[in-house]
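Student: Below is one structure. I have some questions about it.
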Amino acid sequence: MDLPNPLLETWTSPFALPPFAEIATIHFRPAFEAAMREHDAEIDTIVENAQPPDYANTIDALESAGQALNKVGGVFWNVVATDSNEDLRAIERDISPLLARHYAAISLNGRLFARVAALHESRDGLTMSDEQARLLELTYKGFVRTGARLQGSDRARFAEIVEELASLEAQFAQNVLADESGFVMELDEADLAGLPADVKAAAAQTAMERKTAKPFALTLSRSSVEPFLSHGEKRDLREDLFKAWIARGAHAGPTDNRPLIAEILSLRQERSRLLGYATFADYKLEPTMAGAPQAALDLLDSVWRPARARAGEECAGLQAVADSEGANFKIAAHDWRFYAEKLRRQRYDLDQSALSSYFQLDRMIEAAFYCAERLFGLRFLPCDDLALYHPDVRAFEAVDRDGAHVAIFLGDYYARSSKRSGAWMSQFRGQKKLGGETRPIVVNVMNFPKPSSGRPTLMTLTEVITLFHEFGHALHGILSDVVYPSMSGTSTPTDFVEFPSQLYEHWALQPEILQRFAVHCETGAPIPKATIDRIIEARHFNQGFATVEFCASAYIDFLHHSSAQTTDDVEASEWEILRGIAMPAEIVPRHGAPHFSHIFSGESYAAGYYSYLWSEALDADGFAAFEEAGDLFDETMARRLRENVYAAGNRRDPQEAYALFRGRPPRFEALLRKKGLA
């Protein structure tokens, strides 16, 4: 007799949260297997229905199918990304290709596609809501784009490719995590010269957690690396740490991602050709706002030229600082952040380490919540008694103006060796109304260094913006108000999905918000107005560098995926791409290919890393609407933003959704002004 599996039971915990305390690693594999069998049976029921296809027995049924699989996956994929171990990673390696095969079998089910195609062909005669009409169109195209029209050997090969890619992408992610979690730089007190007190305290905490021989330690988490590169006075140690950071995934041996990348690119290209596209980029961009590779490339090119010119000016300024101190070397990539910090202090009297004393994590979370309340009427109530997947995770109930439950929001803010690097939003459960109202469980994941006991978590300006960015994504999931689960929350084209998150960043550093929430960690005094003025004055500082390192990664992604030729030598290919755009020698891409998880540990951002730039153009234009209204929390604009963007999911075409919010189509002229590159 099979033992009960908590992943497959009805969850009776508060807010129907996953019963984390009851779930063990051994439950995942059998839960996946049972959920896939259930999903197969649901698909068979649709296919075997003797009644002619209609919306209810085909599209509604498809949308309702697979709920158990979504439930199991919602827990597993979040836990394996945030609190992984070798047993979980083994399941990930095994399950990824099985899931790929499972979903491929559905998309290649000829009888199922025939029902969808029949509805699509007769769509003009159907009575549908706008959301239903869009869902039918997207469902039909989704089948076509996943091989439904393929026949014979092409059909079989397509299924093989999907399965192979799932295995390779899972292995890529695990290799990056292995390189990150396996690295530690042990340091003595003298090695920390120049570091702020909170960074030293975090390094001491890391050393204690890693049980190192020396009293301080650094990892390859960005929030560990960047403060040392910005403040550490020992150039040789900065260089060592920097080289380790950019070499993730590029070490010969079992974690070498370079051969995986070559295989991934080749398989993606082959699959695209089977579907009739010249390149993977042509395939990937078809359903986006950009629509075609050239539009994305034009945007990149328009920003690259002024950004590279500005970076050259910035580099000259850094070199002048180094020369004035008697440095006998040319600025290198591992020097940039260190001398940029010195120049920032000289020009704007802004010391980032001193500034961090005003940015406490708890207060910045409050600030993000406050803006959501002012804009959308949401309040976030602490839920301290919920059992969660890790002791560091915080829980809040989001309620609307009338006190009605909206969502559960989880904040997982601290770095740990079992967590993948970076920052992201995900969900354990999405919103839907089909079959009854289901409200979401949304999570924000960060990698801030955990302070020693009793000390506040202090943040850089960049980290504050990251927190607001990811909370903007969270609001996109929290406020979702659609009928169909596949249209919910962030299920939009990639070059639109970053718009709500990047737009929300604008509120982070507004004087009204800073004066209220940026208070000194020791004295409790609010941040001085003069300091806020200097922050605003310095907002374009180092923008050439930031834009160049981003755009270089976007070019690597885009040009790899828009070439009809594949490569066996990833490093040589990347070098050719950077040489072709005249990459400044003093800057490296934000993400080199061997650790570029955005595009190689899955396909969400493959050929789509440009999306951040596209969405940044939208957010610059979108925030101007509030500025034009003369009120950062203008009720009319906030209502239109909620209804047409945050709550709308993918029920409308993104161009239409944006125009309904803004009152007109987007204009991209504001992007260069926002970056100070105009």
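The values are calculated or read from the model by the stated rules, or taken from the named source; none is laboratory data. Computed from a prediction, not measured in an experiment: that's the story for all the values here. Methodologically, a virtual Cβ is constructed for each residue, glycine included, from the backbone with ideal geometry; neighbour enumeration extends over all protein chains shown.
Student: Mind checking which residues of segment 577-626 are under 19 Å from L672 (Cβ atoms) and free of Cβ contacts under 8 Å to residues at least 60 places away in the same chain?
Tutor: Matches in segment 577-626: A620, D621, A624, A625.
Student: Under the condition of being part of a helix (DSSP H, G or I), free of Cβ contacts under 8 Å to residues at least 12 places away in the same chain and not hydrophobic (A, V, I, L, M, F, W, C), which residue from segment 313-331 is surrounded by the fewest Cβ atoms within 10 Å (Cβ to Cβ)?
Tutor: Residue satisfying both the conditions and the ranking: S324.
Student: Which ones in segment 550-584 are within 24 Å of A617 (Cβ to Cβ), in a helix (DSSP H, G or I) and of a type in the set (V, I, T)?
Tutor: Selection gives I556, I577.
Student: Would you tally the residues in segment 639-678 being farther than 21 Å from Q431 by Cα and not polar (S, T, N, Q)?
Tutor: Of the residues in that region, 22 qualify.
Student: May I pose another question? Restricting the search to segment 627-677, which residues are in contact (Cβ under 8 Å) with a residue 60 or more places away in the chain, surrounded by fewer than 16 Cβ atoms within 10 Å (Cβ to Cβ) and small (G, A, S)?
Tutor: G676
Student: T462 - would you say it is hydroxyl-bearing (S, T, Y), in a loop (DSSP other than H, G, I, E, B) and within 27 Å of A670 (Cβ to Cβ)?
Tutor: No.
Student: Quick check on this structure: which one of E180, E164, E186, E160 is without any contact (Cβ under 8 Å) to a residue 24 or more places away in the chain and charged (D, E, K, R)?
Tutor: Working: E180 fails: without any contact (Cβ under 8 Å) to a residue 24 or more places away in the chain; E164 fails: without any contact (Cβ under 8 Å) to a residue 24 or more places away in the chain; E186 fails: without any contact (Cβ under 8 Å) to a residue 24 or more places away in the chain.
Just a single option satisfies the conditions, and that option is E160.
Student: Is there a residue in segment 345-360 that is surrounded by fewer than 17 Cβ atoms within 10 Å (Cβ to Cβ), more than 21 Å from P528 (Cβ to Cβ) and in contact (Cβ under 8 Å) with a residue 40 or more places away in the chain?
Tutor: No, there is no match, as no residue in segment 345-360 is surrounded by fewer than 17 Cβ atoms within 10 Å (Cβ to Cβ), more than 21 Å from P528 (Cβ to Cβ) and in contact (Cβ under 8 Å) with a residue 40 or more places away in the chain.
Student: Looking at (1) more than 21 Å from L458 (Cα to Cα); (2) touching a helix residue (DSSP H, G or I) at 6+ places or on another chain (Cβ under 9 Å), find the lone condition where R210 falls short.
Tutor: Status for R210: all satisfied but (2).
Student: Pairs under 6 Å by beta carbon, first residue within 20 Å of L388 (Cα to Cα) in segment 19-34, partner of a type in the set (S, T, Y) and modelled with pLDDT of 95 or more, six or more apart or different chains?
Tutor: P19/S13; F20/Y389
Student: Is it the case that segment 89-104 has a residue that's of a type in the set (S, T, Y), at pLDDT 95 or above, over 30 Å from I441 (Cα atoms) and assigned by TED's automatic domain parsing to the domain that holds A21?
Tutor: Checked against the condition, which is being of a type in the set (S, T, Y), at pLDDT 95 or above, over 30 Å from I441 (Cα atoms) and assigned by TED's automatic domain parsing to the domain that holds A21, segment 89-104 yields no hits at all.
Student: I would also like to ask the following. Within segment 72-91, count every residue that is surrounded by 20 or more Cβ atoms within 10 Å (Cβ to Cβ) and in a helix (DSSP H, G or I).
Tutor: Going through segment 72-91 one residue at a time, the tally reaches 8.
Student: Go through R401, R374 for me and flag whichever is basic (K, R) and assigned to a loop (DSSP other than H, G, I, E, B).
Tutor: R401
Student: Still on this structure: Of these, F158, F143, F113, which one is touching a Leu at 6+ places or on another chain (Cβ under 6 Å) and either aliphatic (A, V, I, L, M) or at pLDDT 95 or above (or both)?
Tutor: Testing whether each residue is touching a Leu at 6+ places or on another chain (Cβ under 6 Å) and either aliphatic (A, V, I, L, M) or at pLDDT 95 or above (or both) leaves just F158.
Student: While we're here: Looking at segment 272-310, which of its residues are crowded, with 18+ Cβ neighbours inside 10 Å and in contact with an Asp or Glu (Cβ under 8 Å, 6 or more places away or on another chain)?
Tutor: If the condition is that a residue be crowded, with 18+ Cβ neighbours inside 10 Å and in contact with an Asp or Glu (Cβ under 8 Å, 6 or more places away or on another chain), then S272, K284, T288, M289, A290, P293, A296 are the ones that fit.
Student: Give the residues of segment 44-71 that are of a type in the set (A, V, I, L, M) and either in contact with a helix residue (DSSP H, G or I) (Cβ under 7 Å, 6 or more places away or on another chain) or assigned to a helix (DSSP H, G or I) (or both), sorted by residue number.
Tutor: I46, V47, A56, I59, A61, L62, A65, A68, L69
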